[in-house]
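Trainee: First the structure, then my questions, so here it is.
The values are calculated or read from the model by the stated rules, or taken from the named source; none is laboratory data. Source: prediction; values computed, not measured. Note that we place each Cβ from the backbone using ideal geometry, even for glycine, and neighbour counts take in every protein chain shown. Heavy atoms of the whole protein, side chains included, go into the accessibility calculation; ligands, DNA and RNA do not. Shrake-Rupley method; radii C 1.70, N 1.55, O 1.52, S 1.80 Å.
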Amino acid sequence: MTEQFDKYVHELQEAMLEGYSEKLKNEFLNPENLGKIDNPDSHVSLTGVCGDTIEMYLSIKDGKISDIKFMTDGCGPTIACASYVTRTARKMSIEEALKIKPEDVDRYFDCLPEEHKHCAVLSVVTLRTAISKYRNELKNK
């Protein structure tokens, strides 16, 4: 029974991801940095135009992102975009991470379908908002 169920789940995932690039499929099925950070230096939660929400957690050390994780209730492309953005930003300086653009995410995935380009925007805006919150909290200390 378990083998049949696994086969059904695999077939369902393949059908849901039909038309997406191999990179996007792989990122969705094997996301990195999924989870939470205890006592993060910054934590934000943003909801995009489609209703998907991304929570992002940052740990900063010496001006660099030492750890970054995300949680989402979003679709496959949102999971893939958030995974890519967090993987890319990890170990970058704050200034370098702020240079990540939605177009970079779109290009990495060999052009997201038009109806999912907002997933790249939501991922990047969530990162930028987390960095902004971190900087504002430093100013107010």
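Trainee: With the condition kept exactly as written, say whether any residue in the range 25-32 is among the acidic types (D, E), open to solvent by 40 Å² or more (accessible area, probe 1.4 Å) and closer than 15 Å to T126 by Cβ.
Mentor: So far as the range 25-32 goes, no, none of its residues is among the acidic types (D, E), open to solvent by 40 Å² or more (accessible area, probe 1.4 Å) and closer than 15 Å to T126 by Cβ.
Trainee: Here is a check on your reading of the model: is V44 open to solvent by less than 20 Å² (accessible area, probe 1.4 Å), in contact with a strand residue (DSSP E or B) (Cβ under 8 Å, 6 or more places away or on another chain), over 23 Å from H10 (Cβ atoms) and hydrophobic (A, V, I, L, M, F, W, C)?
Mentor: Values: open to solvent by less than 20 Å² (accessible area, probe 1.4 Å): yes; in contact with a strand residue (DSSP E or B) (Cβ under 8 Å, 6 or more places away or on another chain): yes; over 23 Å from H10 (Cβ atoms): yes; hydrophobic (A, V, I, L, M, F, W, C): yes.
Criteria met by V44.
Trainee: Report whether or not S123 is surrounded by fewer than 22 Cβ atoms within 10 Å (Cβ to Cβ) and among the polar types (S, T, N, Q). Working first, answer last.
Mentor: On the way: surrounded by fewer than 22 Cβ atoms within 10 Å (Cβ to Cβ): no; among the polar types (S, T, N, Q): yes.
Judged against the criteria, S123 is not a match.
Trainee: What about C111, is it touching a His at 6+ places or on another chain (Cβ under 8 Å) and surrounded by fewer than 23 Cβ atoms within 10 Å (Cβ to Cβ)?
Mentor: For C111, the condition - touching a His at 6+ places or on another chain (Cβ under 8 Å) and surrounded by fewer than 23 Cβ atoms within 10 Å (Cβ to Cβ) - is not met.
Trainee: Checking F5 against (1) open to solvent by 30 Å² or more (accessible area, probe 1.4 Å); (2) out of contact with any His (no Cβ under 7 Å at 6 or more places or on another chain); (3) in contact (Cβ under 8 Å) with a residue 12 or more places away in the chain: exactly one of these is not met. Which one?
Mentor: Going through (1) open to solvent by 30 Å² or more (accessible area, probe 1.4 Å); (2) out of contact with any His (no Cβ under 7 Å at 6 or more places or on another chain); (3) in contact (Cβ under 8 Å) with a residue 12 or more places away in the chain one by one, F5 breaks only (3).
Trainee: Still on this model: Of the conditions (1) without any contact (Cβ under 8 Å) to a residue 24 or more places away in the chain; (2) crowded, with 17+ Cβ neighbours inside 10 Å; (3) under 30 Å from V9 (Cβ atoms), P102 satisfies every one except a single condition; which number is it?
Mentor: (3)
Trainee: Do we find that R135 is in contact (Cβ under 8 Å) with a residue 40 or more places away in the chain, surrounded by fewer than 16 Cβ atoms within 10 Å (Cβ to Cβ) and charged (D, E, K, R) in this structure?
Mentor: Here the answer is yes, as R135 does meet what is asked.
Trainee: Right, next: Might you check whether a residue that is of a type in the set (K, R), closer than 15 Å to P31 by Cα and open to solvent by 10 Å² or more (accessible area, probe 1.4 Å) occurs anywhere in the range 89-98? Write out each step before concluding.
Mentor: In the first step, residues of the range 89-98 are kept if they are of a type in the set (K, R); the result is 90-91.
From the residues that got through so far, the ones that are closer than 15 Å to P31 by Cα too are 90.
Now restrict to residues that are open to solvent by 10 Å² or more (accessible area, probe 1.4 Å): 90.
Looking through the range 89-98, at least one residue is of a type in the set (K, R), closer than 15 Å to P31 by Cα and open to solvent by 10 Å² or more (accessible area, probe 1.4 Å).
Trainee: Mind checking which pairs have a first residue in the range 10-23 that is within 15 Å of P77 (Cβ to Cβ) and a second that is in a loop (DSSP other than H, G, I, E, B) and not small (G, A, S), Cβ under 6 Å, 6 or more apart or different chains?
Mentor: S21/F109; S21/D110; K23/F109
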